[in-house]
Structure formats: structure tokens, C-alpha cells
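Colleague: Sharing a structure below in C-alpha cells format, with a few things to ask.
The values are calculated or read from the model by the stated rules, or taken from the named source; none is laboratory data. Every value quoted in this text rests on a predicted model; they were computed, and no experiment measured them. Please note: Cβ atoms are built from the backbone with ideal geometry, for glycine as well, and neighbour counts cover all protein chains shown.
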Amino acid sequence: MDGRTLKQREYEGLRPGHYACPGCGMAIAMRLVLKALGSPAVVVSIPGCNAIIGNTYPYSAFNVPAFHSAFEIAAPTAAGIARGLEIRGQGDIPVVAFAGDGGTFDIGLQSLSGAADRNENILYVCLDNEAYMNTGIQSSSATPPFAWTMTTPSGRTGRKKRIMEIILAHRIPYAATASIAFPEDLMRKVIRARNIKGMRFIYILTPCPTGWRTPEDATLRLSLLAVHCKVLPILEIVEGRIRLNMMPKNIPVSEYLKAQGRYRHLKEEEMEAIQREVDEDWNRLLKLTEESPKGQSLS
Amino acid sequence: MKELMTGNEAIAHGVRLSRVQLVAAYPITPQTPIYEKLSQWESEGKLGGVMVRVESEHTAMATCIAASLTGVRVFTASSSQGIALMHEMLHFASGNRVPIVMGCVNRALAVPWAFGSDQTDTLAQRDTGWIQFYCEDNQEALDTVIQAFRVSETVCFPSMVIIDGFYTSHFMEPVEIPPQEAVDEFLPPLPMPNRFDFSVPAFLSNVVGPLDYFRFRQRSFSDMAHSMEVIKRVDEEFGRTFGRSYGVLEGVHLEDAEAVLITSGAITGTARVAVEELRGEGFRMGLLKIRLFRPFPAKEVCRLLEGKRKVGVIDRNISIGQGGIFCQELKAALYPMATRPLVQNYIAGLGGLDVPVELIKEVARDLMGRDREEGPIWMAEP
């Protein structure tokens, strides 16, 4: 960070009067990203909660110019704007794309891959609330195994895509994961990303009280649990080198699951299966970290 | 001084002369040579703008829309499946009132898979709010690209410059390349502002209520109607500068014509020959070329067809369940006339099937001997 703490940074990029549900993790994430990004900047929103949070015509919750694009084109929209600004001699103005898990893992994956391949000069922020929440809680490929949604009423049978490995395969200059439970880390990453040219990707897990069936005041606690249960590893990938930023406390994943209504139906063996998968993923990540060139872990 | 070139090359020259700043493109037959030519010029430093080699036509249009919002001049080109894939973005472009110009090379839509010319790909986009020019030959294609930028940037609607796959896109013709200085004078740098105003941050293209939606659509409709005058004026001015103009319609021998054939695109060139031959045989045939499809020149069509007894519309396109699309539009345009001509629809040349002079003469003979209308007549062979 630039020496200032969260509280010392007075600028707000997300204004009061946004349209998020009470306790929305995504609104917190967007506030932190825009606060760190500063002004001038351009925001690209796509259909999903992030655009709705921006409010409706003629209002705007964004303190910088924003554009509501189409569902599957967050990345190329941001890229087109960034290229236009570059042509106009304003290439130093950051362009950030906000997309949910549907817009990133599913419908926008192709155009995200294309933009990453072209190393477009954009900051892409994936705000993952683990289902199509804006349309009323339907399963996406980011919905975790066994989770209840309106389209997986007896629990999702698929597994969550490893989006960071997909991003890693594109060898972009910068990628990171972040949590709203660690705002200083999140903002440090946004500032670091802002100062890098080329494609940058930040993934943020954003708990959703409406869709996760959790109390409105549980969002930050769930975010913290996600990190310490190893559900969300906090890491950075710089030029292909993976670096873990935080050592989880290794809390059993059941603590995280039992706090959410969407897992209310879980049987003991399903909970054990999730724990096994979390452990497997963590060990796989450690191995990837060791194998990555000059990989550093747990620093 | 004329150069021999294909229709695709002619469009590429139009793009280069228009000093396009960004081209986002994706390959598809038969449009690909436009993309290749522009890439070649870019690598040789002869193209002022940048090429963005995207991963789909959908992204090509998305990139063009986004870049255009910042106030830079953009171009893309596509055909068939690519235009169909763009469909969502075409509405997006006109709704955002961005002055994109797209070269469209007509090609049959799958299935069955085919590669030849067929206008259904662009006509299926008629309700997207794009201006559509159907060009007859290579020179007209080059000139229309330059005109289209001027029109689009004046009225804030995107334009399609449309040619027939292979017949126009790949056949060589002598084409006059206008001097750069004259084009620069005709088409000054893009007068559009950057729509992202950092001093007054707004949320563009945002969700609106039903009344605002209604009013935005109403505004688009009336603005598109007003663009007709701009399109005519730009074409006339182009004519004064470069010595070539095309009109939104072109009538041939309409003064004394008893029956009139209506064509668009490359078939028009063949129809000109057929009409001359028929007149030589003693038949008073006329020809009406429709160059501008959106906005549709309804009043102009009525004026030119006033007093005509029979009209035959040749459509290289088909709306399954209705008929040829130019014919539908023409019939709707003629409805207010006190005395309407007989209008017979002929479907020809789908999938790139050749439409030779003899086939058009067959159409004309059928029309002249006809005393009542019937459903579309399918004309595959003379």
C-alpha cells in the first residue's frame, strides 16, 4: 500500500445509495477495489449483482465514469475502452471490469480468455458469490459441490471450476485472490495491479446472505472462515510465480458449512467429502507453489 | 488512375482512407481477405490504426462498441455465422448510438452449410437499428465505406456496408482509389467526444424504467428517420467531390417502363444487362436498384414507381414463412399509394447460386405476362 491505512484513505469510489442487499459481500469488495483504484478510472459492469449495485438510470453509485455492458463481454468491453483511451493519449487511466462468477466462470470465460491471451491492459475483478444471485440463486460452475440453489434443490452435483488455474495457464502479468475479511491485503493488491501494465485478474470471494441463506451480519465472519478453512487460499501470481500471502489456521470446513443455510441438508459423509476436497486442493496448491519458478509460499 | 482489385480489397482501401483508428476482427469466409489486407497494411505501417485480433465476432463487435464510446473511429467486418453471432451486440451498438462501420460480405447461413452469397445474414439484422447499404460493385463498396463513416458520425447510428460474397468480394474490377487529401477533407477526424467524462461521472447504458425505455426507442426511431436526409446529402456531396454518387435508389429506364424489376447488390449489375437486352427486343422494361435498406426509402420508392403497372422483386434472401425480404418491405412501402402496381416476388440465387442474364429475362417475361400476384416464385434455372 502507499503507506496509508484503510481509514486514512478518504476517497470513496462507491457512493452511498447503491442497490446491494443488506450484508452484501460484493458491495464491500467493490467499495474496497474502487477506493484503492482512485480517480480517474473507468468501471465496466455487466449484468449481475455488480451492475445493480451501481443503481439505475439516471443515478450512479460509482464515483467514476461507468459503463453497463453485456453479460459475456466484461473483459473485451474493458479492453476496448482501454485501447480507446490509449489511442486518445489517456492510456494511464485504469479500466476495471467487474464480473460475477456467472460472467467469469461461465458465459464470459471465452472472452476473458481472449483478453488474457492478448494481454489487454485491464484490471478484471471477479466477484464470486457462487451462483447466479441476481436472477434469484441459480447454480453456476462456481457453485461449490452439494450447495443448494434454486436449480440444484438437492445440492449441486458438479465441482467448482479452479478458475485461478485457468488464469494461471494464460501467463498474464498479475493475478491474485483476496478476501473482504482482509481489506488491507485486498487494497494492496488492487494498488499493485493498478501499477502493472497488461492483463490483471483479481478474484474475490463475496458471501451473499440472500443466496447463501446466512444472516446479514455473518458476511465478514464467513469471509474470515473461508480463508482459515482453506476454502479460499490468499495468493498472488506474478509472471507465473505463485506466492501464498497468508497461512490459514486450518479450521475444519464444517464450521464454515454449518454457518450457511445452503448446506443445511448436508449429510456427515458429504461434509467429509468436502473436507477431503479442500485438503486435496490445498496440497495441490502447495505443490504448484513449490513447482512454480522461484515460488515462494507462506511469506 | 484505376487499379484492379476485389470487393474485399476495395472495402479495405475505404477503411485505410477513412483513417480508422481501431479494427477488431475475426476471420470468416468470404470476409477474411478484408481482415488479412488490413493486417498486412498494419504490419507494413500503412494503416494508421491498430488491429485487435479477437477470439470471436461477438468480441469484435464488443471491442468496437467500447472503443467507439471513447471517441475513436472503429471498423470491423464479418459474414453469415459471424453476423448472426454478433446479433446481441448489434442492438447494443445502435442503442449506444456508436458510429461503427462494419463491412458485411453476404454469405448463406447454415444449415445446410454453404459459402455463397445470400442476403439473409444481413437482412436478419434489419431490426437492430443499423443503417444498411447494399452495394452493387467494388467501386461502390469503397466509396460507401467513406460515406458510411461520414453518415454514421453525423447521425450517431452504426452502418453496414454490404457486398455479395464471392461475386463482389472476390471478383476483380477496376476501382478508382480516391486521393487521401480529398478523403481527409470529406471525412474530417471523428467529431465524437469521449463518452466517459471524468468531470461528470455517469453510468452509461444503464438499466432504465419502461417509460424511459419507450422514449429512448422513440428517439432512435425518429433520429433514424431523419438520417435519410443526411444520407442523401452526404452522397450528393461525395458526388461533387469525387464525381461519383449513387443515391438511395437508382432507377434505370423508369420513364417509359411498363414493368419494373427491383434488385439489390450484385444481381443489379446483371439485371442492367438483361433490361437492355429486353428493351432491344421491344419490351419496355425498367429497373430499380435499392441501395439503402435501413432507413427504408419508402417515400422515394412510391415516387419512382408512381403509375407503374407491374413490379417484380428479385430477392437473394428468404424469410421462411413469408417470402423475400426486400419484397415485403417494398409492399409495405407501396401500400399508401392510391393505385398500387402488381408486385410479384421472385426468389433467386440463394446460397450463391448464379443469377445469369437469361434467368432475369425469364423473370421479366413472367412478370410481363402476369395479371395477378401469387406467392414467391422460385427461379433456380432459366
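Colleague: When the residues of region A:87-102 are filtered to those that are under 29 Å from A:Thr206 (Cβ atoms) and part of a helix (DSSP H, G or I), which remaining residue is farthest from the other protein chains (Cβ to nearest Cβ)?
Modeller: The selected residue is A:Asp101.
Colleague: Given the options A:Ile234, A:Ile251, name the one that is more than 27 Å from A:Thr151 (Cβ to Cβ), surrounded by fewer than 17 Cβ atoms within 10 Å (Cβ to Cβ) and among the hydrophobic types (A, V, I, L, M, F, W, C).
Modeller: A:Ile251
Colleague: To continue, here is another question. Of everything in region B:56-83 that's polar (S, T, N, Q) and more than 9 Å from chain A (Cβ to nearest Cβ), which residue is farthest from B:Pro30 (Cα to Cα)?
Modeller: For region B:56-83, the residue satisfying everything is B:Thr76.
Colleague: Please work out which residue is farthest from the other protein chains (Cβ to nearest Cβ), limiting yourself to region B:178-191 and to residues that are part of a loop (DSSP other than H, G, I, E, B) and surrounded by 18 or more Cβ atoms within 10 Å (Cβ to Cβ).
Modeller: If we take residues in region B:178-191 being part of a loop (DSSP other than H, G, I, E, B) and surrounded by 18 or more Cβ atoms within 10 Å (Cβ to Cβ), then B:Pro178 is farthest from the other protein chains (Cβ to nearest Cβ).
Colleague: Hey, could you check region B:252-272 for residues that are out of contact with any helix residue (DSSP H, G or I) (no Cβ under 9 Å at 6 or more places or on another chain) and either within 25 Å of B:Ala141 (Cβ to Cβ) or of a type in the set (Val, Ile, Thr) (or both) and say which is surrounded by the most Cβ atoms within 10 Å (Cβ to Cβ)?
Modeller: B:Gly265
Colleague: Between B:Val313, B:Val230, B:Val275, which is of a type in the set (A, V, I, L, M, F, W, C) and surrounded by fewer than 23 Cβ atoms within 10 Å (Cβ to Cβ)?
Modeller: B:Val230 is the lone residue from the list that is of a type in the set (A, V, I, L, M, F, W, C) and surrounded by fewer than 23 Cβ atoms within 10 Å (Cβ to Cβ).
Colleague: Go through A:Pro22, A:Pro40 for me and flag whichever is within 7 Å of chain B (Cβ to nearest Cβ), farther than 29 Å from B:His91 by Cβ and touching a residue at least 12 places away in the same chain (Cβ under 8 Å).
Modeller: On inspection, the qualifying residue turns out to be A:Pro40.
Colleague: Scan region A:65-73 and tell me whether some residue there is in contact (Cβ under 8 Å) with a residue 40 or more places away in the chain and either within 12 Å of another protein chain (Cβ to nearest Cβ) or over 22 Å from B:Met51 (Cα atoms) (or both).
Modeller: No, region A:65-73 contains no residue that is in contact (Cβ under 8 Å) with a residue 40 or more places away in the chain and either within 12 Å of another protein chain (Cβ to nearest Cβ) or over 22 Å from B:Met51 (Cα atoms) (or both).
To keep it simple, each residue is scored yes or no on (1) crowded, with 23+ Cβ neighbours inside 10 Å; (2) within 13 Å of the chain's Cα centre (by Cα); (3) more than 25 Å from B:Ala67 (Cα to Cα).
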| residue | (1), (2), (3) |
| --- | --- |
| A:Leu112 | yes, no, no |
| A:Thr149 | no, no, yes |
| A:Met164 | no, yes, yes |
| A:His170 | no, no, no |
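Colleague: Could you check B:Asp354 against (1) crowded, with 17+ Cβ neighbours inside 10 Å; (2) out of contact with any helix residue (DSSP H, G or I) (no Cβ under 6 Å at 6 or more places or on another chain) and say which number it fails?
Modeller: (1)
Colleague: Scan region A:45-64 for residues that are of a type in the set (Phe, Trp, Tyr) and more than 7 Å from chain B (Cβ to nearest Cβ) and jot them down.
Modeller: Matches in region A:45-64: A:Tyr59 only.
Colleague: So which of B:Ile83, B:Ile28, B:Ile34 ends up being at pLDDT 95 or above, assigned to a helix (DSSP H, G or I), more than 30 Å from A:Ile93 (Cα to Cα) and touching a Gly at 6+ places or on another chain (Cβ under 8 Å)?
Modeller: Unique residue meeting the criteria: B:Ile34.
Colleague: Right, next: Filter region B:1-25 down to the residues that are part of a strand (DSSP E or B) and in contact (Cβ under 8 Å) with a residue 60 or more places away in the chain, then identify the one that is nearest to B:Cys104 (Cα to Cα).
Modeller: B:Thr6
Colleague: For a quick check of your reading of the model, give me the residue pairs whose first member lies in region B:72-99 and is in contact (Cβ under 8 Å) with a residue 40 or more places away in the chain, whose second is of a type in the set (Asp, Glu) and part of a helix (DSSP H, G or I), with beta-carbon atoms closer than 7 Å and at least 6 apart or on different chains.
Modeller: B:Ser78/B:Glu57; B:Ser79/B:Asp121; B:Ser80/B:Asp121; B:Gly82/B:Glu57; B:Ile83/B:Asp121; B:Ala84/B:Asp121; B:Pro99/B:Glu153
Colleague: Are there helices (runs of 4 or more DSSP H) fully within region A:146-223 with at least 3 residues that are touching a Lys or Arg at 6+ places or on another chain (Cβ under 9 Å)? List them.
Modeller: Once the helices (runs of 4 or more DSSP H) in region A:146-223 are filtered for at least 3 residues that are touching a Lys or Arg at 6+ places or on another chain (Cβ under 9 Å), what remains is A:183-194.
Colleague: Whether any residue in region B:26-47 is of a type in the set (Gly, Ala, Ser), within 14 Å of another protein chain (Cβ to nearest Cβ) and either in contact (Cβ under 8 Å) with a residue 40 or more places away in the chain or more than 22 Å from B:Gly165 (Cβ to Cβ) (or both) is what I want to check.
Modeller: no
Colleague: Scan (1) farther than 15 Å from B:Thr63 by Cα; (2) assigned to a loop (DSSP other than H, G, I, E, B); (3) more than 9 Å from every other protein chain (Cβ to nearest Cβ) for the single condition A:Tyr124 breaks and write down its number.
Modeller: That leaves (2) as the condition not met.
Colleague: Moving on to the next point. Got at least one residue in region B:38-48 being among the hydrophobic types (A, V, I, L, M, F, W, C) and under 23 Å from the mean Cα position of the chain (by Cα)?
Modeller: Yes, the conditions are met somewhere in region B:38-48.
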